[in-house]
Amino acid sequence: MQFDRRQLLLGGVGATAGLMLPGVGAAQSPASIGTFPDGVSADSVFVGLTIPLTGVFSGDGGDLKLGYELAIAQINAGGDIAQKWGLKGKGVLGRQIRYKVSDTEGKPNLDVQSATQFIQRDKAIMVAGSVSSASAIALEELGSREKVLYMVGIAGSNDITGKNCQRYGFRSQQNAYMAAKALAPVVAKALGKNIKAAFLVPDYTYGHTVYDSFAKFSTEQGWKQVAKEVVPLGTTDYSSALLNIANSGADVFVNIAFGGDAVASTKQAEQFGVLKRMKLVVPNLSSFQDKELGAELMQGVYGSCDFWWGVQDTYPLAKTFVESFVAQNKYYPRWGAHIGYMQTYLWAMSVERAGTFNPVDVIKTMEASKAQPYDTTIGKVYFRAEDHQMVRPIPILRGKAPSAMKHKEDFYDIVEIADGESVMNAPDFFGCKLGPYT
Amino acid sequence: MPSWPVLISQAFNGLALGTLLALVSSGLTIILGTLGVLNFAHGALFAVGAYAAFVVLQYTSSFVLALVVGCAFMLVLGFLLERIIIRFFYDRPHEDQILVTYGIGIVLVECIRSGFGGNAQRVPVPSWGQGATQLGFLIYPTYRLQLIAIIAGLLLSLYVVLYRTSMGLVVRAGIENPGMVGILGINVRRAFLLVFAIGVVAVGLAGMLYAPVVAVTPDMGANFMAQSFVVIVLGGLGSFPGAVIGGLIAGEIISLTSAFNSSYSEVMLYALMALLLVLRPQGLFGSEGRV
């Protein structure tokens with residue numbers, strides 16, 4: 001294994017910087033682990049992006065990809081925006097980020113296959129992406145096995161930072177528990193306490209944990225479940241499930257389906273008259289649900305999300321993100337793009353803080369971020385050391401009436417931005433046990 | 001045990017779901033039954049139909065016109081595919097046919113994706129189909145009720161053309177012995193061309209009619225293709241009546257299982273298919289040794 005002089009120098013700086021941070025550098029990091037240092041050349045590092053560009057999650061996936069690409073371009077160019085995030089010079093630690101995107105169709109096996117290729121063939125120093133929670137779980141397991149950092153893309157299941165949590169996986173999106181705890185009081189205040197609710201639940205880890213959490217917190221608000229319809233992922237015709245929901249006598253329809261499934265099921269719910277008789281609540285909105293269903297159907301709908309461009313009035317870095325994204329892609333970014341964008345910056349900042357690409361040091365830096373929170377597009381945030389879940393604010397949205405929209409992408413009002421600390425589960429609540437560093 | 005009104009509602013929904021599945025499967029089975037080609041581009045052609053309707057609706061806002069123009073487009077597409085590619089594969093093994101049609105499917109889906117992106121497109125329910133209709137204790141979407149009637153009419157016409165006209169006879173005779181039919185002075189190749197195009201129009205039309213109900217995305221056909229294969233296996237490979245009956249059975253299985261537990265509906269469908277394959281490998285209407 002060969003080090004160049006520059007690498008050694010940077011490593012030395014990193015070790016010194018690391019020692020200044022609490023918890024970092026306490027133990028010696030191995031000189032060689034995973035794709036480090038083989039994957040760090042004198043002028044570049046490789047990042048592998050596994051993204052569903054086809055299939056049920058393709059809308060979110062396409063947006064996610066654009067977010068990663070924008071952040072990578074900005075970081076590589078090293079302009080004003082990268083500086084605002086606290087990065088120095090061009091690239092990360094002077095290395096340009098090279099990347100490849102593989103379309104994984106939202107299927108965990110394809111995610112693992114392409115991430116393995118990125119790690120073995122391209123010596124990826126970091127893997128990021130995925131939209132499905134099932135994919136995220138598979139990828140963080142792979143990352144921990146291969147000792148390569150994995151930054152989770154869009155993924156709402158509690159299991160990711162719960163029972164399936166991994167030392168090498170970090171999630172910046174809120175989990176289902178946080179989203180439900182933030183959302184339930186807001187909708188109960190708006191729609192009432194004595195409410196009968198019907199749930200449509202996609203049959204995979206995301207669906208089940210979002211259901212568990214929202215059922216729990218809505219019950220605490222006095223809501224009563226009258227129907228629970230579990231449907232396979234990628235269902236095209238929801239008529240049978242919707243008939244049961246339509247006949248349930250519910251006041252509120254809680255639709256947990258995500259991506260293309262959310263569009264199809266909501267469209268059909270409208271045709272079955274469900275939306276006439278019931279209010280629609282979407283615990284986690286999909287990136288383009290607004291555009292794909294139209295403001296007519298989405299008006300008055302409550303939901304949570306990772307990011308809405310309206311938060312740019314609150315956070316300065318959100319403003320630069322939204323402006324540069326719109327200039328580049330001619331539409332307003334959704335939370336897919338935001339996660340990709342923010343994650344890339346978070347990783348770059350952590351690497352620069354650690355002063356090395358060594359994943360052990362980068363992980364310890366992120367785990368120590370409570371003492372030194374990151375300033376981001378959603379304000380100050382940090383990763384919890386115990387489960388790698390980001391503690392972060394959660395925007396609660398309500399669909400605008402078409403007549404109230406100021407322009408064609410002005411779909412939501414921000415009803416509230418819930419404070420992260422107040423909605424966190426206890427770190428061991430979902431049985432998280434992070435594995436070893438080495 | 002669900003109440004009787006719920007069971008009856010689900011049985012009715014099974015009928016609606018079944019007719020839709022029957023139409024989706026009919027295009028597949030017409031091409032398979034008459035030309036012997038296993039068309040794996042079926043799902044992609046379904047999506048092409050939906051997008052054709054979407055495009056025409058952008059300009060005309062008339063759903064009927066969208067159907068008419070969409071059908072004309074699918075007919076031309078069917079002609080082109082048959083002339084340029086498919087006809088060279090009539091005499092080739094099924095594996096070759098599967099590969100080439102699967103490839104066509106990928107190309108078509110990617111064309112859609114590059115033209116329209118991955119997000120779902122909005123195709124609204126036509127003005128004449130909006131709202132819900134009260135059927136006794138059951139409230140059912142008006143558009144879906146109309147679909148049952150429209151599709152029943154379409155399936156009947158398809159059956160008559162292919163099984164009760166001289167053209168249908170020519171095609172079936174052509175499959176058995178093209179040389180003999182040729183000696184009789186009949187242009188078999190032209191008949192094949194027409195049958196393939198009719199199959200393409202049928203699946204495209206299913207896509208157009210379905211567009212207001214589902215999420216219109218480039219990959220929307222994948223699930224329909226999987227289900228329509230189950231349907232034609234149930235009904236018997238290449239049997240048109242089999243596709244119709246198979247579709248109705250599949251619709252009822254999915255819907256009635258949902259009355260008890262929605263998460264088992266697709267499992268039950270595949271379980272039934274497996275059971276049938278053990279008891280009657282050729283399907284309900286299939287003949288032994290066929291295809």
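The values are calculated or read from the model by the stated rules, or taken from the named source; none is laboratory data. What you are looking at is a predicted structure, and each value in this text was computed from that prediction instead of being measured. Ideal geometry is used to build each Cβ from the backbone, glycine not excepted, and the neighbour counts take in all protein chains shown. The protein model used for the area step is the full one, side chains on, heavy atoms only, and it has no ligands, DNA or RNA in it. Shrake-Rupley method; radii C 1.70, N 1.55, O 1.52, S 1.80 Å.
Rounded to whole numbers, the Karplus 3J(HN,Hα) couplings from phi for the stretch B:142-147 are 4, 4, 5, 5, 5, 4 Hz, using 6.51 cos²θ - 1.76 cosθ + 1.60 with θ = phi - 60°, and x at Gly and Pro. Here the stretch A:232-261 is scanned for amide nitrogen atoms under 18 Å from the site 7 Å beyond the Cα of B:PHE260 along Cα-to-Cβ, giving A:232, A:240-241, A:244.
Using a/c under 1.5 as the rounded threshold, could you call the stretch A:169-305 rounded, prolate or oblate? The axes a ≥ b ≥ c are square roots of the C-alpha gyration tensor eigenvalues, and prolate needs a/b larger than b/c, oblate otherwise. Rounded, because the longest to shortest axis ratio a/c is under 1.5.
For the stretch B:171-204, the residues whose amide N sits under 20 Å from a probe point set 7 Å from the Cα of B:ARG164 along the beta carbon direction are B:171-173, B:195, B:198-199, B:202.
Calculated [222 nm] ellipticity per residue, helices only, for the protein assembly as shown: -17000 deg cm²/dmol; basis is -39500 (n - 2.57) per DSSP H run with n ≥ 4, divided by all residues, nearest 500.
Normalised per residue, the accessible area of the protein assembly as shown is 37 Å², obtained with a 1.4 Å probe and no contribution from ligands, DNA or RNA. Rounded to the nearest 20 debye, the dipole magnitude of the stretch A:75-152 is 460 debye, with +1 charges on Lys and Arg beta carbons, -1 on Asp and Glu beta carbons, and the Cα centre as origin. Considering only A:TYR374, A:TYR331, A:HIS388, the residue lying farthest towards the positive end of the dipole of the stretch A:321-438 is A:TYR331, judged by Cα position with unit charges set on Cβ. Positive end of the dipole of the protein assembly as shown (Cβ unit charges, origin at the Cα centre): among A:TYR150, B:PHE137, B:LEU248, the Cα lying farthest that way belongs to B:PHE137.
For the stretch B:18-68, with all protein chains in place and a probe radius of 1.4 Å, 69% of the accessible heavy-atom surface sits on carbon or sulfur.
For the stretch A:292-313, heavy-atom accessible area (probe 1.4 Å) falls by no less than 50 Å² from the chain alone to the full protein assembly at A:GLU292. Between A:ASP43 and A:LYS163, the FRET efficiency from the beta-carbon distance, with R0 = 41 Å, is close to 0.50.
Look at the dipole of the stretch B:155-291 built from charges on Cβ: of B:TYR210, B:LEU269, B:GLY238, the Cα furthest out on the positive end belongs to B:GLY238.
Here B:ASP91 and B:GLN58 are evaluated by their C-beta separation; at R0 = 60 Å the FRET efficiency comes out at 0.90.
Element breakdown for chain A at a 1.4 angstrom probe: carbon and sulfur atoms account for 53% of the accessible area. What shape does the stretch B:186-286 take by its C-alpha gyration tensor, where a ≥ b ≥ c are the square roots of the eigenvalues and a/c under 1.5 counts as rounded, a/b above b/c as prolate, and the rest as oblate? Here the stretch B:186-286 falls in the oblate category.
Cβ-Cβ distance of B:VAL68 and B:LEU284, R₀ of 41 Å, FRET efficiency by 1/(1 + (r/R0)^6): the value works out to about 0.75. When exposed loop sites are taken as chymotrypsin sites (Phe, Trp or Tyr not before Pro) in a DSSP loop with at most 14 other Cβ atoms within 10 Å, the longest stretch of chain A clear of them is A:4-428. The stretch B:227-249 and the stretch A:252-317 have Cα centres separated by 36 Å. Note on the stretch B:115-148 and the stretch A:374-413: Cα centroid distance 33 Å, given to the nearest whole angstrom.
Residue-wise HN-Hα couplings along the stretch A:345-351, as the Karplus relation 6.51 cos²θ - 1.76 cosθ + 1.60 with θ = phi - 60° gives them from phi, are 5, 4, 5, 4, 5, 5, 5 Hz; Gly and Pro carry x. At a Cβ-Cβ separation cutoff of 4.7 angstrom, cysteine residues of the protein assembly as shown with no neighbouring cysteine are A:CYS305, B:CYS71, B:CYS111. About its Cα centre, the dipole of the protein assembly as shown is roughly 460 debye, where the only charges are +1 on Lys and Arg Cβ and -1 on Asp and Glu Cβ. Length gained on full extension, B:ILE84 to B:PHE137, computed as 0.36 nm times the residue gap minus the Cα-Cα distance: 13.8 nm. For the stretch B:111-124, the Karplus equation 6.51 cos²θ - 1.76 cosθ + 1.60, evaluated at θ = phi - 60°, returns couplings of 4, 4, 4, 6, x, 10, x, x, 6, 5, 9, 9, 10, x Hz by residue, with Gly and Pro reported as x.
Spin-label model, A:THR116/A:GLU409: points 7 Å from Cα along the beta carbon direction are separated by 3.9 nm. Can you classify the stretch B:1-119 as rounded, prolate or oblate using the Cα gyration tensor, where a ≥ b ≥ c are the square roots of its eigenvalues, rounded means a/c under 1.5, and otherwise it's prolate if a/b beats b/c and oblate if not? Oblate is the answer for the stretch B:1-119, as a/c is 1.5 or above yet b/c matches or exceeds a/b. Charge dipole (Cα centre; +1 on Lys/Arg Cβ, -1 on Asp/Glu Cβ; no other charges) of the stretch A:298-438 amounts to roughly 300 debye. Within the accessible surface of the stretch B:221-291, defined with a 1.4 Å probe on protein heavy atoms only, the carbon and sulfur portion equals 71 percent. The interface between chain A and chain B buries about 2600 Å² of solvent-accessible area in total (1.4 Å probe, ligands and nucleic acids excluded).
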